[in-house]
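For reference, the structure is listed below as structure tokens.
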Amino acid sequence: MAHAAVAEHRSTSPWLHFAVRRLIGLAAIFLVLLVVSFLIVQLIPGDPAAGLAGANADLADIERIRHQLGLDQPLWQRFIDYAGGVLSGDLGTSFMYRQPVLTIIENRLPFTATIALAGIAIVLLVAIPLGMLIGVLTQGGRRKWLDTGFGFVTGFLDSVPGYVMATFLVVMFALGIGVLPLFPPAYTPRFGSASFVLPIAAIVIGPICTVSRVVRRETAVVLGNDYQRTAHGWRLPAWKRYIKWALPNLLTSTLTVSGLVLTGLIGGAVVIESVFALPGLGSGIIKAILDRDYPVIQAMVIVIGMIAALINLLVDILLGLIDERTLGGSHVSA
Amino acid sequence: MSRRRNLGLVLGLSLLGVVVVIAVLAPILFKTGADELGQRFAPPSADHWLGTDAAGHDVLLRSLVATRLTLLMTVAATAIAVALGVLLGTSVWLMPRRLRELCLRAIDAMVAFPGLLLALVVAAVLGAGGSSAVIAIGVAGIPYFARLTGNLAAKVSQREFVSTARLLGVSPVRIAFRHLLPNMSEPLLVLSASTFAGTLTAISALSFVGLGVQSPSYDWGKLLNEALPSLLADRPFQLVGPAVLIVVTGLAAVLIGDGLAAAANPRAARTAAGGASTRRTSQGTPRDGYLVDVQELSIEYDGKQLVKGISFGIRQGEILGIVGESGSGKTLTAMALAQLLPDGLISNATRMTLGDLDLLGPVPPGLMAQTVGLVYQDPGSTFNPALRMGTQLTEVLRTHRRLGAQAARRRIIDALGTVRLSKPEQRMKQHPHELSGGMRQRAMIAAALATEPRLIIADEPTTALDVTVQAEILRELKRLNSEFGTSIMVISHDIGVVRALCHRVIVMYQGKAVEEIEAAHLTVASAQHSYTKALLEATPELTLENSHG
Amino acid sequence: MADDAPVIEVRDLEVSYGWGRSTTRVLHGITIDVAKGTTVAVVGESGSGKSTLAKTLVGAVRPSAGSVTIGGIDVTAARGARRTAMRRKVQMIPQDPYSSLDPRRTIGDALAEAVDPRRAKVTRHADEIVSWLETVRMPADTLHRYPHELSGGQRQRVAIARGLIVRPEVVIADEITSALDVSVQAEILRLIARLRVELGLTMVFISHNLAVVRQISDEVVVLYRGEVVEHGPADQVYDDPQHEYTRTLLNAVPGAPGFDIEPRRREVA
């Protein structure tokens, strides 16, 4: 009785609590990213200015860079200046391109956002039905062969790194070995959206395998629960037991696990962009690291980090829509 | 199944063995060959099986030689992630509670972050290079491993042997080494295998994008990087060597991980599912006066008889109790009657009927749902936690009576009123976890009632409830029986419960009915069978007559 | 009952979880004395706070007010080595026989750890361990067995031996028979009844089952929603309960004289 009353009290506005809590969380993550990106430059071994100026620089160059980075000022002063700049939208100027970093980000963001969001949608839309289907077909130890085959195929595809998969896809679908050359092997503006097909395919195959294995395992767990026996006892038809009774429970546990896989997918996107020469944030940050273009690195760390945080938030919102109880805290305990 | 999984483990270990042999021998045997310069971009030939690269190196030899560096880097980075991750994940559980919460939150936040981005940050600070790639990937793997270790440690430290050790005065560090780590070793080994696979991919990725190993050194990722322009120039064979080696090594790690997991988990060995009953129609002669007539029911699993030829009947309006200890087969008997035996169990009987329904043959689900109502043991888990009570309770009526949403709702609210659940309309909108155990059990009984069944099977209906709530639920069942004349079959381990509730009781022991007796005669003096007497004597009583103190 | 000073003194104990508005009071104003050599049964339904009381007695839960004194030492104030020594004076026999023994360590290891938490060497203490195994009616070769080789009842015997081998001043038994079958429960209860006489145990026996504790307790404390509603000699509590809730509890046991299965007029869940 007592705990029922407590639950009622809490359920007044779970979404409001959630929103407040997550906004604070986002702010905290932003702060951490700000500090981390700031520290990247501070932690460069030796004299950052000399390091940045390169081997051929003379003392004047080094002094200029030192002043430009504000390295001649105390640490806290530099951080305040840096944070102030970022917050007012001034992300600095690229060493390499002599161009505002903000412009570079604006040009590159759409590419990364497209393949990341499309990738996540595809992973969830394919992996959940697939894993559930296999889970239902193999429940209680039925169809051993299917279980083994599914385990082997997904295990194999899962162990192929995204960039190797990408080269394989290029060989198969872009170069005309085996199949017709359907898609461009590298990003070409005139192909438009067709340019995105292979990159997205390359980043989703691994996560689809991982997530569908999770779903398959969770399906077995959920179908073994007592409430499934209740549904069975009420002789509900199979589709109702699977879709209406099992699916919501399955989704909560699956999405909780998949959040990790999906943020990992961002990491995959960073590498894949290099294979397909997509001018996105991933290839951008890698090029910037090679060029030691620190203002660009700093800004991209913040932006990519915030994208990951937003994706996590998205997953939690989805979870909340499916089962309001998950809004209560970060740990699903029930 | 377990044999096949072990096959995977064997395959994985042999693949890894081959790769390790290559790593040891290739640099000794082929180092000079790999550095020799020949014709540039040569296609595959007898001299160069996989062709040559842009500088004229033999691609196959270079791929083989690169194995050692790649493996060493992967092992080093994995070691960093595993060692520091285990250290962090375990020590979190030895911290005071507040600090632990804080650390767990921090680890959670870091895990939610793409590891590769963290690796890029480290690479940006340290500059491109092999050792910075190892540190970057190793460090990036720490939070993930720490979290998994933390989850495992959380599970183990909840077990009572850990809290007991703490109470005995065993120091936290000793608890970690003596109890936590040994009980986590198998899953940690499995996770290390998958971490190895992930690390291989990630380190190769860094080299592949140019942030890892720098010329003149080379690992597989670097070779892939060098081969990329060739791919676009229609010379894909240059990729084959490193790509195959990466995939084979990764696959070996995954197979080893899966194989270890399967070996650590003996529960996976379950035999295939079979049909519920083997005989299609009832043969035995019907016995007069019984609504339920079960003759010679036996249930077996994997060739082992769990229920050994039990016969019983339930009269119209009668409450029959089946009492016995765990393993006596009482629940299986009830589930066979309800046609709800779990997969793999095979039932056999000469006769099993309920009124004019032959329960040995197929019965239409709708008819079955409306003939037999079920009440289960643990009201905490019988309802679907994700759905509102109303949605679940109305489901039977909507499915089998084809009632509309409103009509079904009204019927259920009536039924909830009948079992005297407070505020029925509000309960319909609530989720199961918002109700107490007693409320949920009342709701379950209401759902069983709503279809006006001829028989209610209640399997340990009060075992999970407090004694005062148990009394209420028992009274409720008794009242439904006397008001509506519904026959009830009650399964319980508690002689007190069946004696109070039932008219007649069957005592089961090791799959057999050892005694059938009127509930009123269920005393040490009147019972015939020695097991019944022993059971009665073992049951603690409030009155001190038969105590052994 | 030889000593005048009680071994356990619980004074005005308050335990609550959470802060501010979400504070949940679990125990309120608990005052209990347990004299040396006696067994006090604590009985209550779920949510009564009986498990929290057990955890407070062994120092695993910190009270928000009041004090728990065992053998003259304040459980909550003790720190460091004193606290460790204190803890060994109080031993808890846990509820679940399946999770109370480390599956990776032999019974010998488990008992040796109790004797000597630092080194936990079986060989050094083999005699003592074997004699305690015999006390709980387990064969000497159990020493080399692993928990999974034993039945639930046997494990519970080992858990009892582990609790007693420390020679604690106080034993807390938390629902030690509730996971067992009736016939096994009867064996364990007989064992406890014998040991408490033979060894002169001072014991707090926690249970949800009134019938179970009748045989083995000198005094009974009835908890209801975190408060003591009745406390008295066992015979008095059973034969002449003073509080309404105690009567409800007694009458709810099927087979009890006051139990009535016929529906009552007003009762709504």
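Taking the range A:116-170 as the range and being among the polar types (S, T, N, Q), without any contact (Cβ under 8 Å) to a residue 12 or more places away in the chain and buried (at least 24 other Cβ atoms within 10 Å of the Cβ) as the test, only A:Ser159 passes.
Within the range C:92-104, the residues that satisfy the criterion of being open to solvent by less than 40 Å² (accessible area, probe 1.4 Å) and in contact (Cβ under 8 Å) with a residue 24 or more places away in the chain are C:Met92, C:Ile93, C:Pro94, C:Pro97, C:Ser100, C:Leu101, C:Asp102.
Can you find even one residue in the range A:247-261 that is facing chain B (nearest Cβ under 9 Å), farther than 30 Å from B:Asp378 by Cα and in a helix (DSSP H, G or I)? Yes, that holds for at least one residue. Report whether or not A:Ile289 is at pLDDT 80 or above and surrounded by fewer than 18 Cβ atoms within 10 Å (Cβ to Cβ). No, not satisfied. Scanning the range A:1-38 for residues that are surrounded by fewer than 15 Cβ atoms within 10 Å (Cβ to Cβ), at pLDDT 85 or above and facing another protein chain (nearest Cβ under 9 Å) yields a count of 1. Among the candidates C:Pro168, C:Pro147, the residue that is in contact (Cβ under 8 Å) with a residue 40 or more places away in the chain and under 18 Å from C:Val7 (Cα atoms) is uniquely C:Pro168. Each residue in the range B:39-55 was checked for being touching a residue at least 12 places away in the same chain (Cβ under 8 Å), surrounded by 14 or more Cβ atoms within 10 Å (Cβ to Cβ) and out of contact with any Phe, Trp or Tyr (no Cβ under 8 Å at 6 or more places or on another chain), and 3 pass. When the range B:454-472 is limited to residues that are more than 29 Å from the chain's Cα centre (by Cα) and facing another protein chain (nearest Cβ under 10 Å), the one that is surrounded by the fewest Cβ atoms within 10 Å (Cβ to Cβ) turns out to be B:Thr468. If you check B:Leu104, B:Leu99, B:Leu120 for being assigned by TED's automatic domain parsing to the domain that holds B:Ala76, touching a residue at least 40 places away in the same chain (Cβ under 8 Å) and within 32 Å of the chain's Cα centre (by Cα), only one passes: B:Leu104. Looking at the range B:104-175, the helices (runs of 4 or more DSSP H) lying wholly inside it that each contain 3 or more residues that are farther than 24 Å from A:Gly305 by Cβ and away from chain A (no Cβ under 14 Å) sit at B:130-158, B:160-167, B:172-175. Only one of the numbered conditions (1) of a type outside the set (Phe, Trp, Tyr); (2) surrounded by fewer than 23 Cβ atoms within 10 Å (Cβ to Cβ); (3) in contact (Cβ under 8 Å) with a residue 60 or more places away in the chain is violated by B:Ser526, and that is (3).
Here B:Tyr218 fulfils each of the conditions (1) of a type in the set (Phe, Trp, Tyr); (2) over 19 Å from B:Val59 (Cα atoms); (3) part of a loop (DSSP other than H, G, I, E, B) apart from (2). Looking only at residues of the range B:406-453 that are in a helix (DSSP H, G or I) and of a type in the set (Lys, Arg), we find that the one that is nearest to the chain's Cα centre (by Cα) is B:Arg440.
Candidates in the range C:73-91 are the residues that are among the aliphatic types (A, V, I, L, M) and either assigned to a strand (DSSP E or B) or open to solvent by less than 30 Å² (accessible area, probe 1.4 Å) (or both); of these, the one that is nearest to C:Val171 (Cα to Cα) is C:Val90. Cβ-Cβ distances below 6 Å connect the following pairs, each with a first residue in the range B:67-96 that is touching a residue at least 60 places away in the same chain (Cβ under 8 Å), a second residue that is of a type in the set (D, E, K, R), and a separation of six or more residues or different chains: B:Leu69/B:Asp219; B:Thr70/B:Asp219; B:Val92/B:Arg100. The residues of the range C:119-178 that are within 30 Å of B:Gly327 (Cβ to Cβ) and in a loop (DSSP other than H, G, I, E, B), listed by number, are C:Val136, C:Arg137, C:Met138, C:Pro139, C:Arg145, C:Tyr146, C:Leu150, C:Ser151, C:Glu175, C:Ile176, C:Thr177, C:Ser178. Within the range B:381-417, being among the small types (Gly, Ala, Ser) and open to solvent by 50 Å² or more (accessible area, probe 1.4 Å) holds for one residue alone: B:Ala405. Applying the condition of being open to solvent by 10 Å² or more (accessible area, probe 1.4 Å) and outside any loop (DSSP other than H, G, I, E, B) to the range B:325-348 and asking which residue is nearest to B:Ser282 (Cα to Cα) yields B:Asn348.
The values are calculated or read from the model by the stated rules, or taken from the named source; none is laboratory data. Not measured: the values here are computed from a predicted model. When we count neighbours, we look across all protein chains shown, and the Cβ atoms used for this are built from the backbone with ideal geometry, even at glycine. When the accessible area is computed, the model is the full protein with side chains, heavy atoms only, and any ligands, DNA or RNA have been set aside. Shrake-Rupley method; radii C 1.70, N 1.55, O 1.52, S 1.80 Å.
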